[in-house]
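The values are calculated or read from the model by the stated rules, or taken from the named source; none is laboratory data. Model, not experiment: these values are computed from the prediction. So basically every Cβ, Gly included, is an ideal-geometry build from the backbone, and we count neighbours across all protein chains shown.
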Amino acid sequence: MRLLIVEDDNRVAAALAGVMARHGFTVFRAATGAEALARLPDADVVLLDLGLPDTDGFDVCRRIRAGSDVPVIVVTARAELSARIHGLNLGADDYMVKPVNGAELVARIHAVMRRGRGDAARGRDDDDRTVVAGPVTIDLAVRTVHVGGAPVVLTRREFDLLAALARQPGLVYRRGQLVAEVWGTYDASAERTLEVHIGSLRAKLGDHALIETVRGVGYRIVADAPGGR
């Protein structure tokens with residue numbers, strides 16, 4: 001597995017590279033955002049620092065996600081919840097605050113890679129499968145969403161969350177179940193951002209009745225929701 005470490009601090013990069021190499025990864029490094037984007041085609045997974053000398057790591061994440069589904073794990077000193085939420089909303093697959101535990105980081109890398117393989121397998125199983133819920137049409141195979149015939153642009157995480165709910169309309173998904181399904185591993189802190197993603201989805205879909213909150217349990221898709229834009 002080829003691992004791209006995007007980190008401008010030589011000591012931090014060397015420490016990460018050493019740990020990852022000992023766990024069998026082929027490691028290469030980019031010290032700037034521009035170098036990271038240039039080397040992206042060689043990567044199976046990206047560890048992305050936010051404090052880069054030429055640009056903000058959030059912008060790098062946005063640009064990666066605009067053209068690639070490669071898993072991105074933000075590894076940064078920015079611990080505030082607003083930064084975590086922003087990174088996840090931009091499409092990062094996970095977010096870790098320095099200093100990180102090497103074994104936990106390796107586990108999270110494998111988790112996001114399993115998640116990617118699961119998406120591919122589901123894509124094969126969902127060929128030609130379309131879910132229609134009220135005014136919303138979700139094509140699980142090609143990962144597109146339309147509301148009243150108009151396309152809606154979702155982040156990778158938003159689509160994964162909507163798809164998880166849409167595969168079985170009417171079924172209530174517990175919060176922890178959704179976190180494990182969409183984030184690829186259970187992280188209690190991700191539950192705090194789940195509501196943010198649900199709110200963003202409702203706003204983009206223009207139909208707050210479509211995703212119902214089941215108080216004290218979780219969420220479900222209301223297949224016969226009448227709303228719309």
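Checking each residue in the stretch 67-83 for being hydroxyl-bearing (Ser, Thr, Tyr) and crowded, with 18+ Cβ neighbours inside 10 Å picks out only Thr76.
Taken over the stretch 2-23, the criterion of being over 18 Å from Met96 (Cβ atoms) and under 24 Å from the mean Cα position of the chain (by Cα) is satisfied by Arg2 alone. If only residues of the stretch 206-222 that are out of contact with any Leu (no Cβ under 8 Å at 6 or more places or on another chain) and under 17 Å from Phe159 (Cα atoms) are counted, the one that is modelled with the highest pLDDT is Glu212. Restricting attention to the stretch 36-66, the residues being in a strand (DSSP E or B) and surrounded by fewer than 18 Cβ atoms within 10 Å (Cβ to Cβ) number 2.
Is the stretch 133-150 home to any residue that is of a type in the set (A, V, I, L, M), buried (at least 20 other Cβ atoms within 10 Å of the Cβ) and modelled with pLDDT under 80? Yes, there is a match, as at least one residue in the stretch 133-150 is of a type in the set (A, V, I, L, M), buried (at least 20 other Cβ atoms within 10 Å of the Cβ) and modelled with pLDDT under 80. On inspection, Val46 qualifies as touching a residue at least 24 places away in the same chain (Cβ under 8 Å) and not basic (Lys, Arg).
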